[in-house]
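These notes are about the structure you will find just below.
The values are calculated or read from the model by the stated rules, or taken from the named source; none is laboratory data. As the structure is a prediction and not an experimental result, all values here were calculated from the model. In this analysis, Cβ positions are derived from the backbone assuming ideal geometry, glycine residues included, and neighbour counts consider all displayed protein chains. These accessible areas exclude ligands, DNA and RNA; they are computed on the full protein's heavy atoms, side chains included. Shrake-Rupley method; radii C 1.70, N 1.55, O 1.52, S 1.80 Å.
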Amino acid sequence: MKSRWIYLALISFLYILVPFHVGSDPLLAEEGEDFLDLDLETLMQMEVSIASRNPQTVQSTPAAVFVITNEDLRRSGAESIPDALRLVPGFTVAQIDTNRFAITARGSNGEFATKLLVLVDGRSVYTPLFAGVYWDVQDLMLEDVARIEIIRGPGAAVWGANAVNGVINIITKDAEDTQGFLASAGGGSEELTTAAVRYGGTVGENGHYRVYSKLHYKDASELSSGIDGQDESEMFKGGFRMDLNPEDGETFTLQGDIYAGEGERQATIPSLTSPTFSSRTTTDSELAGGNLIARWSKELSETSNYTVQFFYDRTMRDEIFADQSIDVYDLDFDHTFAPAENHSFTWGLGYRAVSDDLKRTESSFFEDESRTLHLFSSFAQDEIEIVDQTLSLIVGAKLEHNDYTGVEVQPTARLVYTPNTSHTLWGSFSRAVRTPSRADADIRLPVVAFPTDQGLPGLASIYGSDNNESEKLLAYEVGYRAQVTESFLVDVSTFYFDYHDQRSVLPGMPVPNFTPPVPHIDVISGVASEDTLYSYGGEILFDWRATDSIRLQASYSYINYNPTVATSLADAGIDYVFEGGVPENQATFRGQFDLTEKIELDAAVRYVDTLSDLTIPVDSYVELDLRLGWHITDDLELSIIGRNLLDDKHPEYSGLGLGVPSSEIERSVYGKITYRLPNS
Amino acid sequence: MLNVRSFFIFLLLSFVALQAGVVYAEDATQARVHKIKAGFLFNFAKFATWPPEVTPSNSLLMCMWGESEFKKYFQAFSKRVIKKKKVEVRYVATTKEVNGCHVLFVEHTLGESKIRRIYQELREHPTLLVTDIVSGGVINIIPGGKLLRFEIYPDRASRARIKLSSQLLKLAQIVDGE
């Protein structure tokens, strides 16, 4: 554990020397040219609710927080949430093919990355099947996203299991803020067609609603060989949101979405009969689902409020590796109050039921085709102001019971020091767990077929096991945020992550299997939780609003990360990486320029280091995105977006364990027109 | 442990960056304070309801009493609409001119004693009196801890027969009594 000491020594060196007395500026609120359009919360400083559930300002949040605002989204030209996440320092976003992404924070990446919790309006979109996120169906109408709040590092004490390496909280706008008509349409070389329509109106005296729908067609990617990746997709989504204020201080929200889509993908699956021991197929993925959220919150007093939320979510995916339908029912209650002066106490209770139906597919099956699992949770957190407006301590813990591993305790302690309004130094210790997924417990997945000396073909498979522990993380973090001048911000976060009981596979013994149709030798590796690993690194962000019309942002992140490799498969000649593909160094640069009052230019450059831990290493790359926006009138906006302009195509990920050929991401150009007609 | 070296370089860079930040001059933030005050005022007007005798008109009159750069920002209200009413702007220098004003912002530049006299004179008047000194009017924009905050005197609001929404109240520091 020598590295831990080096880390601690360096951190101390850095933070002791940092000057606290530099310029202080009491006004750090989100800059907007049009100050009259800012709401009160923003004026009192931009609010972030993610790190501690209580509204808090970014400036003083004791966690590595980053916020993507609606305006950032618009100016990024992003058409999807994954593209938007490329803006986040310390995040790794690798597009695998048209529909699949490997996204994570601070290590452990992969299509089946398991350590990132993603919420959309308080609804978890983390799939209990493999403990990751199906990014292809998170196709929100970005115009109606108010902001995306991102924490790097664990948020488990509040958000529960699986908020291990990070939490993404996507928050859509209140219906009141989406009044009127909005239509947008676009087309281009990769984003073939997008079309979205939204209308917002009023309900009764104090209520508002919106309805929307969105269509999205994407072109296929290209394989490195130049062959068409045959992974084009189409997605339709529609939904509504209604916000009522029956009384002052009381809000009721009802919202829901449905979606349906189709995406093709290619896969190579092991075959005992083929002379190449594998067969390649192109299959359709049929995707559909929906959700409904009801949320009621009430202010009891200035310092006291409670929220009750229910959501239902259904996911249906018929794909080569799983034919699933999953229903999630979730009930959540939380209450904040001030038990004594200088204390803000929040507690909550939750229950979740997950009921699934997993049919056998061509390439895998689950031991129990159908299971219903229950999750009970409770949390409590106290925010204590030790020295008035200078030093605060947050202590909290989440207690959960799940059907796989029983009780899990996830505590956190965070100390935040704000010597003045412009400087924040914070440090935290947290424990987070990633509970076993359905795949960890029950999957039966043939991975590779191979010739053996015995004359019979061999078949290496991974079998899930019900006896696994949760993956555990002990996280130590220190960060420093300085609003050096009114227009210049520096944000540094560093971490040391110590993981135990990481997912691994136990080497299997060869066992002859004479079951027809093809007698073969089985090598079955059982999923286990035996690996330990550590990672450390940090991120730094500079944000400079140089003038009213120029904003520059640069970030750099570093991580030292050691992924898990399944040893038994390595014996069979396969480097099967569960979660890898983590670039050691990443850097981003963004510039927003208002060329005239009506014309905007945006540029984003990103550097991603080599992914050397994958079976087929992926080269480092530098890419450039440009956007030119023209406000033809106040209501009409035209934009042209160029993505990945520096190369014809480049790979961002490879070496998937599941035999899907690696695609490359092509240069693309895209045009979009947006028309808004506000209600008068 | 080669990677420890790059990590070290990273930390060193962060350190240098933080030091470099110090060189940036401490900007005068007056313009920004004005903008935020104006933003507050605009929101106050949105969240207030006036007694019937002042509401019938189709416009919402925002008045300002004081001499400073702030006028420039106050002027921006005139292009706006609140609750379907067109906002009009008036600059006043006597209490007589305040007649018809929905909102009156009295600036600290007038001096504390004068502001208190203005409040005493107008306290029965259905005008939302906003100041930027402590306990100056019905709502007062004040420096509070880290940023600008505002305090509300609900009893003063009811005396002026002005209803303030709870959305506003919950963000304010409430001062009981008059």
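Here is the list for region A:246-346: GluC sites (Glu not before Pro) lying in DSSP coil, each with at most 16 other C-beta atoms within 10 angstrom of its C-beta, are A:Glu302, A:Glu341. Taking the longest Cα principal axis of chain A as reference, the axis of helix A:2-17 is set at about 10 degrees. Computed about its Cα centre, the charge dipole of chain A is approximately 1100 debye, with only Lys, Arg, Asp and Glu carrying charge at their Cβ. Working note: Karplus 6.51/-1.76/1.60 with θ = phi - 60° gives region A:230-238 the couplings 6, 10, 4, 8, 9, 9, 10, 9, x Hz, where Gly and Pro are set to x. Rounded to 0.05, the FRET efficiency of the A:Asn562 and B:Glu124 pair, given R0 = 51 Å and the Cβ-Cβ distance, is 0.10.
Entry comment: accessible area of region B:29-174 is 42 Å² per residue, from protein heavy atoms only and a probe of 1.4 Å.
For chain A, the solvent-accessible area works out to 37 Å² per residue, with a probe of 1.4 Å and every protein chain left in place. Estimated from helices alone, the mean residue ellipticity of chain A at 222 nm is -1500 deg cm²/dmol (sum of -39500 (n - 2.57) over DSSP H runs with n ≥ 4, per residue).
Our summary gives chain A a relative contact order of 12 percent, counting only alpha carbon pairs under 8 angstrom and 6 or more residues apart. Residues of region B:36-78 buried by at least 50 Å² of accessible area upon assembly of all protein chains, compared with the chain on its own (1.4 Å probe): B:Ile36, B:Asn43. Backbone amide hydrogens, once placed in the peptide plane, bring A:Ile616 within less than 5 Å of A:Gly655, excluding anything fewer than 5 places away on its chain. Our summary of shape: the Cα atoms of the protein assembly as shown have principal axis extents of 106, 54, 49 Å, ordered from largest down, in whole angstrom. Could you look at chain A and say what percent of its accessible area is carbon and sulfur, using a 1.4 Å probe and all protein chains? For chain A, the apolar C and S fraction of the accessible surface comes to 58 percent.
A:Glu176 contributes about 90 Å² of solvent-accessible surface, heavy atoms of the protein only, 1.4 Å probe. For region A:161-211, the relative contact order comes to 32 percent (Cα pairs under 8 Å, sequence separation of at least 6).
For A:Leu391, the accessible area of its heavy atoms, probed at 1.4 Å with every protein chain present, is near 50 square angstrom. Contact with the other protein chains removes 30 Å² or more of accessible area, compared with the isolated chain and a 1.4 Å probe, from these residues of region B:148-171: B:Arg149, B:Ser166, B:Lys170, B:Leu171.
When each of the peptides A:552-562, A:152-162 is scored by how many other beta carbons lie within 10 Å of its residues on average, the order from highest to lowest is A:152-162, A:552-562. Among the protein heavy atoms, those of A:Trp135 account for about 20 Å² of accessible surface (1.4 Å probe, every chain in place). Across region A:433-448, rounded Karplus estimates of 3J(HN,Hα) from the backbone phi angles (6.51 cos²θ - 1.76 cosθ + 1.60, θ = phi - 60°) give 10, 10, 6, x, 8, 4, 5, 4, 8, 10, 6, 10, 10, x, 9, 8 Hz, Gly and Pro being marked x. Its relative contact order, with pairs defined as Cα atoms under 8 Å and 6+ residues apart, puts region B:29-174 at 22 percent. Leaving ligands and nucleic acids aside, the A/B contact buries around 5000 square angstrom of accessible area in total at a 1.4 Å probe radius. Summed over all non-identical Cα pairs, the Kirkwood treatment of region A:109-265 gives a radius of 17.6 Å. Here's how it looks for B:Leu61: its modeled amide H is under 5 Å from those of B:Glu88, B:His102, B:Val103, which are all 5 or more places away or on a different chain. Here the Karplus curve 6.51 cos²θ - 1.76 cosθ + 1.60, taken at θ = phi - 60°, turns the phi angles of region B:158-170 into couplings of 5, 4, 7, 6, 10, 9, 10, 5, 5, 4, 6, 4, 6 Hz, with x standing for Gly and Pro. For A:Ser504, the residues whose amide H sits under 5 Å from its own are A:Ala528, A:Ser529, A:Glu530, A:Asp531, ignoring neighbours fewer than 5 places away on the same chain, with H placed 1.01 Å from N.
A simple count of charges around A:Asn169, restricted to other residues whose Cβ falls under 10 Å of its Cβ and scoring Lys, Arg +1 and Asp, Glu -1, yields -1. Distance between the pseudo-spin-label points of B:Tyr91 and A:Glu250 (7 Å out from Cα toward the beta carbon): 4.7 nm.
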